[in-house]
Amino acid sequence: MRWIHLCVVVLFAVAIIVFVAQNSAVVTMSFLRFSASAPLAILVALGYVLGMATGGSLWSLLRRSIHSSQLPKVPDR
């Protein structure tokens, strides 16, 4: 099983290296009045990291909300 995980990691690493090599052109991204010029691979990686952060936060919020809704209610005194 360890070899399968290692092969998957190696395949992803090779795919990332190929992506970076093929997408090294500088592009400009604009949002509202802010614009940034960077290689496409860097902008994609930044978008991926921001997506992981917001997705992880949302998942944590939903899980905590569901968990707290399943707790027994304490009656008021």
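The values are calculated or read from the model by the stated rules, or taken from the named source; none is laboratory data. Please read these numbers as outputs of a predicted model, since none were measured by experiment. FYI the Cβ positions are ideal-geometry reconstructions off the backbone, even for glycines, and counts take in every protein chain you see. Heads up: the accessible areas ignore ligands, DNA and RNA and are worked out on the full protein's heavy atoms, side chains in. Shrake-Rupley method; radii C 1.70, N 1.55, O 1.52, S 1.80 Å.
Key figures
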quantity	calculated
Rotationally averaged projected area of the chain (alpha carbon convex hull; nm²)	10.5
Loop sites in the chain: chymotrypsin sites (Phe, Trp or Tyr not before Pro), DSSP, at most 10 other Cβ within 10 Å	none
Heavy-atom accessible area order for 61, 40, largest first, 1.4 Å probe	61, 40
Expected 222 nm ellipticity per residue - DSSP helices of 4 or more, -39500 (n - 2.57), all of the chain, to 500	-23500 deg cm²/dmol
Length-normalised contact order of the chain in % [C-alpha pairs under 8 Å, at least 6 apart]	16
Percent carbon-and-sulfur accessible area, the chain, ignoring ligands, DNA and RNA, probe 1.4 Å	72
Average accessible surface area per residue within the chain, 1.4 Å rolling probe, Å²	96
On Cα atoms only, tilt of 40-69 relative to the major axis of the chain in degrees	10
